[in-house]
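Worksheet for the structure shown next.
Read the figures in this text as sums done on the coordinates, not as results from a lab. For clarity, every value in this text was computed on a predicted model and none was experimentally measured. Using ideal geometry, Cβ is built from the backbone for each residue, glycine included, and neighbour counts are taken over all protein chains shown.
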Amino acid sequence: MALQAINPTQTQAWNQLQKHFEEMKKQSIKGLFAENPARAEQFHIQWDDFLVDYSKNAVTKETLNHLLALADEVHLKAAIEAYFGGSLINQTENRAVLHTALRNPESATVLVDGKNVMPEIFAVKNKIKNFTHEVISGARKGFSGKAFTDIVNIGIGGSDLGPAMVVEALQFYKNHLNVHFVSNVDGDHVQEVIKKINPETTLFVIVSKTFTTQETLSNSETIRAWFLQSAQPEDVAKHFVAVSTNIQKVTEFGIHADNIFPMWDWVGGRFSLWSAVGLSIALAVGFDHFDQLLSGAHQMDEHFKTTSFDQNIPVVLALLSIWYNNFYGAESEALIPYTQYLQKLAPYLQQGIMESNGKSIGRDGNPVNYQTGTIIWGEPGTNSQHAFFQLIHQGTKLIPTDFIGFVHSLHGDQDHHDKLMSNFFAQTEALLNGKTEVQVQAEFDKQGMDAAKAAYLLPFKVFSGDRPTNTLLIQKLTPAALGKLIALYEHKIFVQGIIWNIFSYDQWGVELGKQLANTILDEIVNDTAISHDNSTAMLLKFYKTHRK
Ligand code: F6P
C-alpha cells in the first residue's frame with residue numbers, strides 16, 4: 001500500500017489547531033500548572049522502565065485532541081501498518097523500510113516480495129554471534145597467530161554514527177577489545193587511528209551498504225596498504241571483514257566470501273545499526289548485549305504499533321514537536337542526555353532526523369507550503385549547562401528540549417548521581433518557572449543592594465520561563481533501554497514524516513555535493529577545466545597554486 005498524499009494544512013484538524021493556537025499563544029505554561037494542580041498526573045506516560053513527563057509544554061487536553069485528530073486525518077494508523085508490513089513506503093527508491101524486522105523474534109513473519117525475510121535475518125544474526133564469539137574469546141587469530149585486541153570500524157554516515165554512538169553508550173558493558181572508528185575522508189583521521197593499532201592484532205570491519213562511498217573506500221584502501229607493509233596479501237582474508245549489500249564490490253576489494261556480512265536494501269543506512277552494521281557493537285559488548293539492544297527496540301516497536309495514540313510515546317512526542325515547529329515557529333530542538341555515555345546521541349540523531357525529514361517536496365511531488373524537519377542539536381548535561389544553556393534560558397528563540405535521565409547510575413556512585421540528577425530536575429523547573437522581578441528584587445533586598453544598582457541589574461536577572469521541555473526518566477542505561485530509546489526517536493521521525501506528507505527514507509539531497517566533489521577532484525588532480533561561479537573559481541585557483 002502506498003502512503004497517501006495529504007497536505008496537512010488542508011485538514012480540518014490543522015484549521016482547528018490554527019484557531020486554537022491563537023488562544024494558546026497567550027497562555028503561559030506556568031499558568032497551566034497554576035490552573036491544574038494535577039497537571040503532571042494527566043500529561044505523562046509511564047511505560048515499562050520509561051516515565052515520559054510532557055506536562056511542561058504549552059498544551060492542554062484540547063491541544064492534544066486536535067493534534068490526535070490530525071494524526072487520524074492523515075491516516076497515521078494505516079501508515080504504521082504499511083511501515084511494519086513491508087509496503088514500499090520509500091517510494092522514490094521503490095523500497096520497503098524494514099529495520100523493525102531486524103529486531104523481531106525469529107517466529108515472526110515479514111514478507112518482502114512474497115518471501116519471509118526472518119530466516120535470512122536470523123542466519124546473519126547467527127553469523128554475527130559465532131564470529132563475535134570467536135574474536136572475543138581469542139579463538140580467531142591474526143596472521144601471526146595472536147588474538148585480536150583492536151577493531152577498526154571503517155564507514156561513514158549510518159555505517160559509522162550508529163555503531164559509534166552505541167559502542168560509546170554501552171561502554172560500561174564493554175569487553176577487552178578496543179574499538180576505533182574511521183569515517184572522515186580527511187587523511188588525518190585514519191592516520192591518527194593507525195597510530196594506535198598493531199597490524200598483527202587488529203581486525204578491520206568495512207561497513208558500507210553500497211560499497212561505493214568515497215570516504216569508506218579511500219580509508220579502506222589506505223588501511224589495507226598500511227596493513228600490507230607488515231603482512232602478505234593472503235593475510236587480508238584474516239583481518240578484513242565487510243558489511244554490505246554489494247557483494248560483488250566487496251569481493252573485488254579482496255575480502256573473502258566467508259567474511260562478508262550481508263544486509264538488505266530495505267534497511268536504510270541511518271536505521272541500520274540493528275543489522276550487521278552493528279557488528280562492531282556486538283564485538284565491543286558481546287552478542288548477548290547486542291541482542292538485548294534489539295529486544296528493547298522490539299518492545300518499543302510493539303508499544304508504537306499497539307498503543308492508542310494518546311498513550312503512545314513516539315506519537316505524543318512527534319505531535320508536540322509538530323505543534324512547536326508548525327504553529328509556534330520553533331526551528332530547532334535540543335536533546336540533553338544526563339549521562340556522559342550518551343554524548344554521541346545528538347550527532348547520531350542529527351542524521352536520523354535531518355537526513356530523514358529535511359525535505360521540501362510533498363508526497364504529491366509539489367513543494368510543501370509549511371515547515372518540515374527540525375534542526376536537532378545537543379550535548380550531555382551538565383556540560384551543556386555551562387556551554388549553551390544561557391541561550392535556552394534567556395535567548396530570543398524558542399527551543400523545545402528533551403531531557404533524558406536515568407534513575408540509577410551504572411557505577412553506582414550515589415553522591416555523583418544525586419548531584420547530576422538534581423541538575424536534571426532543576427533545569428526543567430527553571431525553564432518552566434523562570435525567575436520573576438519580585439523574586440529578583442527580593443534577592444537584591446536580602447543582599448542589601450542599593451536601589452540604583454538594583455534597578456539597573458533587575459531586567460538582566462529576570463528569566464521569563466515558559467520554555468517547553470519533555471522529561472524522559474528511564475530506570476537505567478541498559479542495552480535494552482538504549483534500544484527502546486533509539487527506536488522511540490526512529491518512530492517519532494516516521495510519524496512526523498507522515499504528517500508532513502514527505503518521504504522520510506530517501507536522501508537525494510546529499511547527492512549533489514558528492515557529484516560535484518568528484519568533478520572538482522578531477523579538476524584538482526588532473527587539471528581538467530571546469531566552469532565555476534566566480535567565488536569557487538577563485539578559491540580553487542588559490543588551492544591549486546599552493547597545494548604542493
Ligand atoms: O550521506 C548519505 C549516505 O547515503 C547515508 O545515508 C549513509 O548512511 C551513508 O551515506 C553511507 O553510505 P554507505 O553505507 O553506502 O557507505
Between beta-carbons, use under 15 Å as the cut-off and find the net charge around Q42, counting Lys and Arg +1, Asp and Glu -1.
-2
For the stretch 60-140, diffusion coefficient by Stokes-Einstein and Kirkwood Rh (Cα), 20 °C, 1.002 mPa s, µm²/s
137 µm²/s
Neighbouring Cβ atoms within 10 Å as the yardstick, rank I530, I206, I376 fewest first.
I530, I376, I206
Output the 0 to 90 degree angle, nearest 10, between the alpha-carbon long axis of helix 12-24 and the longest principal axis computed from the alpha carbons of the chain.
50 degrees
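Just the C-alpha atoms of the stretch 106-290: what Rg/Rh do they give, with Rh taken as the Kirkwood radius?
0.95
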Expressed as a whole-number percentage, the relative contact order of the chain with C-alpha contacts under 8 angstrom and at least six residues apart is 18 percent
I'd like the distance between the alpha-carbon centres of the stretch 18-48 and the stretch 430-475, rounded to an integer number of Å.
22 Å
Could you work out how far apart the two model spin labels at T436 and Q371 are, taking each label as a point 7 Å from the Cα in the direction of the beta carbon, and quote it in nm?
3.0 nm
Report the antiparallel proportion of the DSSP beta bridges in the chain as a percent, rounded to a multiple of 5.
30 percent
Point-to-point label distance, S230-Q10, nm (Cα→Cβ direction, 7 Å offset):
6.3 nm
Of all C-alpha pairs within the stretch 226-299, those more than 21 angstrom apart amount in percent to 39 percent
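Report the rotationally averaged projected area of the chain based on its alpha-carbon convex hull, in square nanometres. Please list the in-between numbers first.
Details: hull surface 122.9 nm².
Its average projected convex-hull area is 30.7 nm².
Quote the FRET efficiency, to the nearest 0.05, computed for K146 versus H189 with a Förster distance R0 of 30 Å and r equal to the Cβ-Cβ distance.
Efficiency, rounded to the nearest 0.05: 0.70.
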Helix 437-447: angle to the longest alpha-carbon principal axis of the chain, degrees 0 to 90, nearest 10?
90 degrees
Under a point spin-label approximation (7 Å from Cα along Cα-to-Cβ), what is the T307-Y328 distance to one decimal in nm?
2.2 nm
When all Cα-Cα pair distances of the stretch 438-546 are considered, the percent exceeding 24 Å is 68 percent
Roughly how many Å is it from the Cα centre of the stretch 202-233 to that of the stretch 74-132, as a whole number?
30 Å
What angle, in degrees between 0 and 90 and rounded to the nearest 10, separates the Cα long axis of helix 451-461 from the longest principal axis of the Cα atoms of the chain?
40 degrees
Net length gained if the chain between L111 and H133 were fully extended (0.36 nm per residue, minus Cα distance):
4.9 nm
So for R95, R363, fewest C-beta neighbours within 10 Å to most, what's the order?
R95, R363
FRET efficiency (T92, Q447; Cβ distance; R0 45 Å; to 0.05) is 0.10
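Fewest first, what order do M421, M538 take by the number of other Cβ atoms within 10 Å? Let's see the in-between values first.
Values: M421 17, M538 11.
Ascending Cβ contact count within 10 Å gives the list M538, M421.
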Quick one: which of K174/K209; K129/K419; K30/K446; K238/K476; K141/K514 span more than 32 angstrom between C-alpha atoms?
K129/K419; K238/K476; K141/K514
Suppose R0 equals 45 Å. What FRET efficiency, 1/(1 + (r/R0)^6) with r the Cβ-Cβ distance, do E252 and H176 give to the nearest 0.05?
0.85
